[in-house]
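The values are calculated or read from the model by the stated rules, or taken from the named source; none is laboratory data. The shown structure was predicted, so the numbers you read here are calculated from the model rather than taken from an experiment. Here the Cβ positions follow ideal geometry from the backbone for every residue, glycine too, while neighbour counts run over all protein chains shown. Heads up: the accessible areas ignore ligands, DNA and RNA and are worked out on the full protein's heavy atoms, side chains in. Shrake-Rupley method; radii C 1.70, N 1.55, O 1.52, S 1.80 Å.
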Amino acid sequence: MTTITRILILILIGIVSSVSAQDFQGIATYKTHRDFDIKMDSTKMNDAMQKQMMDMMKKQFQKTYILTFDKSSSLYKQEAELDKPQVGGGIQMSFGNSGSDVFYKNIKDHNYVDHKETMGKKFLIKDTISPIEWKLESDTKHIGEYMCFKATYTKKVPKNNFNFNSNSNIDDDTEEEKELEMEERTVTAWYSPQIPVSNGPAKYQGLPGLILEIHDGKLTVICSKIVVNPEEKIKIEAPTKGKEVSQKEYDAIMDKKTKEMMERYAPRNGSKSGEVIQISIGG
């Protein structure tokens, strides 16, 4: 650990400790954006339809979330439900949640409850918060009126390349376990000790101040508004309705449902070739 890092840590501890006794609450608004790459090769999809599809997808990947928080817990929820755009043939395209999802996080007890409504079913995903091995950097910048410090960590993630290809046969991939191609990614966060909570949007947390900005692959999350200690006291409670599952169990359910959907819409042997759509949205 360098001398600069030690000094930085001492400064942050001092700032956070000076307000730790306060009954601190707040509301933060976050704008999220996810870049994506899409390649379409279709005899059925003209330029106008391709443009319409691109506009629909762009809208789906731009969302607004509200984080209500206190010293130990938080609720993270999408501000409003987005329309579900349709592409030709009446097929709905929906990436992300329906607007009813709520993510509760208790950083004191190191657990979370993720309420999701997926394919008409409600789930309560209950699991433990995974610690993040942040590296505190010396870089600083202002986000609005708040002085922010940089932090990074590295993780391994699977490459998310979605290939909807009418010429491919999903039965060709019937191996017991298909090894995922992994890549290394550096996540960058900007946090402010002026807001003394070790919290942030979604599952990001563990820094000596509220996380106001995240860059995680093609995902960008930026805080656009903060209300500290609002006049009306905030009530933060974990969601309670839904089928209780662990994160691993939920991921297995979604993996099964995705495969079933792909099989349902895959062309049968002897059918005419249709469109090829390749989408890469990152993690």
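The amide H of Leu210, built 1.01 Å from its N in the peptide plane, has Ser192, Ile195, Val197, Asn199 as neighbours under 5 Å, considering only residues 5 or more places off or on other chains. Here's how it looks for Glu183: its modeled amide H is under 5 Å from those of Val157, Lys159, which are all 5 or more places away or on a different chain.
Around the amide H of Ile129, modelled in the peptide plane, lie the amide H atoms of Asn111, Tyr112, all under 5 Å away and 5 or more residues distant in sequence or on another chain. Averaged over its residues, segment 110-161 has an accessible area of 61 Å² per residue, based on protein heavy atoms and a 1.4 Å probe.
In segment 96-137, Cα pairs under 8 Å separated by at least six residues give a relative contact order of 30 percent.
Checking the cross-link pairs Lys156/Lys241; Lys105/Lys150; Lys121/Lys248 against a 25 Å limit on the alpha carbon distance flags Lys156/Lys241 as lying beyond it. For segment 250-257, 3J(HN,Hα) computed residue by residue from phi via the Karplus equation (6.51, -1.76, 1.60; θ = phi - 60°) reads 5, 4, 5, 4, 5, 5, 5, 5 Hz, glycine and proline entered as x. Here r is the Cβ-Cβ distance between Thr154 and Met254 and R0 is 30 Å; the resulting FRET efficiency, rounded to 0.05, is 0.70. Coupling constants for segment 62-72 follow from the phi torsions by the Karplus curve (6.51 cos²θ - 1.76 cosθ + 1.60, θ = phi - 60°), and in residue order they are 10, 9, 10, 10, 10, 10, 9, 8, 10, 5, 10 Hz; glycine and proline get x. 3J(HN,Hα) along segment 188-202: 10, 10, 10, 10, 10, x, 5, 10, x, 10, 8, 9, x, x, 6 Hz, from the Karplus curve 6.51 cos²θ - 1.76 cosθ + 1.60 with θ = phi - 60°, whole Hz, x for Gly and Pro. Using the Cβ-Cβ distance between Glu263 and Thr118 with R0 set to 25 Å, the FRET efficiency from 1/(1 + (r/R0)^6) comes to roughly 0.90.
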